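**Q** Can you read through this structure? Questions will come right after.
Bear in mind that the values in this text are calculations on the coordinates, not laboratory data. Because the structure is predicted, anything quoted here is derived from the model rather than measured. Reconstructed Cβ throughout: ideal geometry from the backbone, glycine too, with neighbour counts over all protein chains shown.
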Amino acid sequence: MPDPTPRKLLKQLGATNLGINFDSSTVAYATNGWEIVWNTMPYAINRTYVDLAGYTQQELTTFIQGVDFQVETLIRSLTTGIPEITFLDILSTRRLSTAELSDWAIPGVTGDVPGFLESTVDLQEVIYGERTTLAQNTNIPSLVGAKYVILDRETFGSGNASAADRLHWSRVYWLNGAGPNETVMIPAANLVGQAVTVKESDLVYIERLRRAYTQDPGRNV
């Protein structure tokens, strides 16, 4: 078996401003690929992927060694009607559906975070994920709106290798608020990953291909 080859995986997501009306469950505007899904409260979702087709053409398997999700700043609210925000970053072997990304905020009431038992996303499909909860802190001086502090941050995932031609990155914000005219600034984000590619034996590689291309026929939609 050839020696592993180090790789670096890079992807970026753009920032956006959201105008949200919690009273009517509507959003006035969103840009840069962000979409809003209402499930009691709004979920702001952005999905992209890292292209691995160059590796799969050489029949190489990608092993993720480390993942860093970076933001240029914490999310900011220009108003004060959103006391709690939780966001997820998930690197997965398939594209996660809108339903899977908008039904996890309250365990036991809604579904679980993708990769946990009550979710339709199996742990084996989640390579790495982070969950962060923010709370508004009115004691921090702010010229406009509200600032947030981190309440908790958890990591999860299987760390599985993949032979698929894409790794999918989902970033989701759950906004718990009230009021007709709330404005939120979602920051730009980077994914920086360290990986190695390896030429595996035929039987092992074929089984990885089977899992990659039969678990989610709509993975590239």
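**Q** Return the calculated 222 nm mean residue ellipticity for the chain, to the nearest 500 deg cm²/dmol, obtained by summing -39500 (n - 2.57) across DSSP H runs with n ≥ 4 and dividing by the residue count.
**A** Result for the chain, helices only: -2000 deg cm²/dmol.
**Q** Now for a different question. Taking 7 Å along the Cα-to-C-beta vector as the label spot, tell me the THR5-ASP51 distance in nanometres, rounded to one decimal.
**A** Result for the modelled spin labels: 1.7 nm.
**Q** Kindly put ASP68, ASP165, ASP103, ASP3 in sequence by how many other C-beta atoms sit within 10 Å of each C-beta, fewest to most.
**A** Placing the least packed residue first, the sequence is ASP3, ASP68, ASP165, ASP103.
**Q** Now for a separate question. With the dipole of the chain worked out from charges on the C-beta (+1 for Lys and Arg, -1 for Asp and Glu) around the Cα centre, which of THR40, GLN57, ASN139 lies farthest toward the positive end?
**A** GLN57
**Q** When a/c is below 1.5 the answer is rounded, else prolate if a/b is larger than b/c, else oblate, so apply that to the range 154-200 with a ≥ b ≥ c taken from the square roots of the Cα gyration tensor eigenvalues.
**A** prolate
**Q** For the range 65-103, run through the GluC sites (Glu not before Pro) and keep only the ones in DSSP coil with at most 16 other Cβ atoms within 10 Å of their Cβ.
**A** Within the range 65-103, the qualifying GluC sites (Glu not before Pro) (loop, at most 16 other Cβ atoms within 10 Å) are GLU72.
**Q** Give me the one-decimal nm value for the distance between modelled label points at THR138 and THR73, 7 Å along each residue's Cα-to-Cβ direction.
**A** Result for the modelled spin labels: 2.3 nm.
**Q** Can you compute the modelled spin-label distance between SER158 and GLU59, with each label point 7 Å from Cα toward Cβ, in nm?
**A** Result for the modelled spin labels: 2.4 nm.
**Q** Under a Cβ-only charge scheme (Lys and Arg +1, Asp and Glu -1), can you give me the dipole magnitude of the chain about the Cα centre, in debye to the nearest 20?
**A** 440 debye
**Q** Let me ask something additional. List the residues, sorted by chain then number, that are 5 or more residues from ARG166 or on another chain and whose placed amide H is less than 5 Å from its amide H.
**A** Here the answer is LEU52, since their amide H atoms fall under 5 Å of that of ARG166.
**Q** What angle do you read, to the nearest 10 degrees and between 0 and 90, between the alpha-carbon axis of helix 202-214 and the longest principal axis of the chain?
**A** 30 degrees
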